[in-house]
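Participant: This is the structure, below, for whatever I ask next.
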Amino acid sequence: MRYQNITKARFLQRPNRFIALVETEAGEERVHVKNTGRCRELLVPGAAVYLEEGDRPGRKTRYDLVAVEKGERLINMDAQAPNRVFREWAEEGRFRPGLALLRPETTWGSSRFDFYWEAGGERGFVEVKGVTLEEDGAVYFPDAPTERGVKHVEELIRCREAGLQACLFLVVQMEGAAFWAPNDRTHPAFGAAVREAAAQGVEIQAWDCRVAPDSLEIRAPVPVRL
């Protein structure tokens with residue numbers, strides 16, 4: 001996936017979950033943050049950030065904040081990007097050979113999953129999560145407690161019990177992670193749910209991304225440690 005009209009800026013502060021103050025060549029600017037997570041280890045004063053200029057009429061901010069430099073690592077922090085890059089990647093045949101159908105936002109029972117797929121006589125559901133938390137080369141999810149995330153994993157288990165395929169797909173929004181693991185310090189219940197899901201046959205896949213200021217592309221598998 002690609003972004004248009006990218007501008008580099010310097011992060012100043014984040015007054016709330018949705019807004020950041022940055023400094024561009026033209027001066028101070030209020031921008032929309034496309035990630036409502038904490039991202040405290042990313043959005044630190046002075047960090048280099050990348051902005052996409054919006055083109056929607058009537059919007060309150062000129063730019064969206066989509067990426068940030070953390071040391072020598074460029075991290076995409078657009079919360080809408082993981083589903084978009086997964087869809088592009090899967091439609092290229094890299095998720096399931098012979099993919100016949102990939103449908104986003106599909107309801108099954110009382111659950112709503114990011115994707116439903118059919119290929120080679122099999123069918124199943126995928127729940128996609130974006131990963132931006134990095135520590136000492138490893139990456140973790142979540143960066144804040146997520147009861148919604150636990151519910152999604154439990155729903156994937158129910159899919160397997162019904163004879164469907166199920167996958168938790170973690171899009172690591174940076175390149176070169178040593179491994180992915182559930183963030184038990186932040187939300188142990190999520191880690192417990194993921195381990196139970198794996199034991200019940202739910203696929204747990206993590207893939208890193210090739211990141212540029214104006215693009216994001218799924219690149220290579222990341223080892224999963226449960």
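Participant: Among 119, 138, 100, which is the only one that is modelled with pLDDT of 95 or more and buried (at least 18 other Cβ atoms within 10 Å of the Cβ)?
Facilitator: Residue meeting the stated conditions: 119.
Participant: While we're on this one: Collect the residues in the stretch 20-43 that are over 13 Å from residue 77 (Cβ atoms) and either surrounded by fewer than 17 Cβ atoms within 10 Å (Cβ to Cβ) or of a type outside the set (A, V, I, L, M, F, W, C) (or both), keeping them in residue-number order.
Facilitator: Within the stretch 20-43, 21, 23, 24, 25, 26, 27, 28, 29, 30 meet the criteria.
Participant: Restricting the stretch 147-171 to residues that are more than 18 Å from the chain's Cα centre (by Cα) and acidic (Asp, Glu), which is surrounded by the fewest Cβ atoms within 10 Å (Cβ to Cβ)?
Facilitator: 161
Participant: Quick one: which of 130, 124 is among the small types (Gly, Ala, Ser), in the same structural domain as residue 217 (by TED's automatic domain parsing), part of a strand (DSSP E or B) and within 21 Å of residue 179 (Cβ to Cβ)?
Facilitator: 130
Participant: Can I ask one more? Between 123, 185, which is more than 15 Å from the chain's Cα centre (by Cα), closer than 22 Å to residue 94 by Cα and not acidic (Asp, Glu)?
Facilitator: Answer to the check: 123.
Participant: If you don't mind, there's one more thing I want to ask. Give the number of residues within the stretch 89-121 that are of a type outside the set (Gly, Ala, Ser) and part of a loop (DSSP other than H, G, I, E, B).
Facilitator: 5
Participant: Follow-up question, since we're still on this one. Within the stretch 200-224, count every residue that is acidic (Asp, Glu), in a strand (DSSP E or B) and over 21 Å from residue 181 (Cβ atoms).
Facilitator: 1
Participant: So residue 3 passes all but one of these: (1) free of Cβ contacts under 8 Å to residues at least 12 places away in the same chain; (2) closer than 27 Å to residue 140 by Cα. Which condition number does it fail?
Facilitator: Unmet for residue 3, out of (1) free of Cβ contacts under 8 Å to residues at least 12 places away in the same chain; (2) closer than 27 Å to residue 140 by Cα: (1).
Participant: Go through the stretch 115-153 and give me each residue that's over 22 Å from residue 103 (Cβ atoms) and acidic (Asp, Glu).
Facilitator: Passing the criteria: 134, 135, 136, 143, 147.
The values are calculated or read from the model by the stated rules, or taken from the named source; none is laboratory data. Predicted model, so just to flag it, every value in this text is computed and none were measured. For neighbour counting, all protein chains shown are included, and Cβ atoms are generated from backbone atoms with ideal geometry for every residue, glycine included.
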